[in-house]
1. What net charge is computed for the residues neighbouring Val27, neighbours being all others with C-beta under 14 Å from the C-beta of Val27, Lys and Arg scored +1, Asp and Glu -1?
2. Of Lys88/Lys149; Lys137/Lys167; Lys88/Lys151, which pairs sit farther than 19 Å apart, going by alpha carbon to alpha carbon?
3. Provide the net charge surrounding Asn147, with neighbours chosen by a C-beta distance below 10 Å and charges set as Lys +1, Arg +1, Asp -1, Glu -1.
4. For segment 1-106, which semi-axes, largest first and in whole Å, follow from the square roots of 5 times the eigenvalues of its Cα gyration tensor?
5. Give me the one-decimal nm value for the distance between modelled label points at Asp34 and Thr152, 7 Å along each residue's Cα-to-Cβ direction.
6. So what's the convex hull volume per residue for the Cα atoms of segment 106-160, in Å³?
7. Give the calculated FRET efficiency between Met17 and Arg138 to the nearest 0.05, with a Förster radius of 25 Å applied to their Cβ-Cβ distance.
Amino acid sequence: MKKPFLTLGVVVLILGMWFMNTYNGLVGLGQQVDGQWAQVETQYQRRYDLVPNLVESTKGFLTQEKEVFADIAQARQGYAGAQSTGEKVEATSQMESALGRLLVIVENYPELKSNETVQDLMVELAGTENRISVERKRYNDTVRGYNTKVKTFPTMLAANMFGYSEKPYFEAVEAAETAPTVDLKLGE
């Protein structure tokens, strides 16, 4: 008579340990995703810290390009006020568009390209853009591992029970693959 209770106790203990181990694994993976997103945001912040210096360095040369500077300022404000990951991605996309136009403008002004301060800032900005790209990839890799775990049987049973669901991937906004166009109307 003791044997069925002992067997049942062992089964309950094994299931309890499995749920505990699965839960702890999901917590750890969720923290990895959040930590990796923080790395993406760190690189965005680096970009947003560099951009005002670049803008100030180029303003004197590019007084007729006020729209680009206004767009950059608006994107910085949008990012600073963003509450959700989606809002931050949208503000970042606006910044990328404005920076793309600014880079084209800088390329079209030889005296600006030769300015050492602007050159240094452009190198820093290019490095930051590369870091952002790397961190986005790492974030998406981390999300893929987490989402695979959450959707895989039998872990999905524990994930659903404890409220763990898929995390969103970082995705480029529509038309991100299209290079910005800049129409330089000098002398008008």
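What follows is calculated from the coordinates using simple rules that are stated; it is not laboratory data. This is a predicted model, so every value here is computed, not measured. Note that each Cβ is placed from the backbone with ideal geometry, even for glycine, and that neighbours are counted across all protein chains shown.
1. +1
2. Pairs exceeding 19 Å: Lys88/Lys149; Lys88/Lys151.
3. +3
4. 56, 10, 8
5. Between Asp34 and Thr152, the simple spin-label model gives 2.3 nm.
6. Roughly 79 Å³ of hull volume per residue.
7. Given R0 = 25 Å and the Cβ-Cβ separation, E is 0.20.
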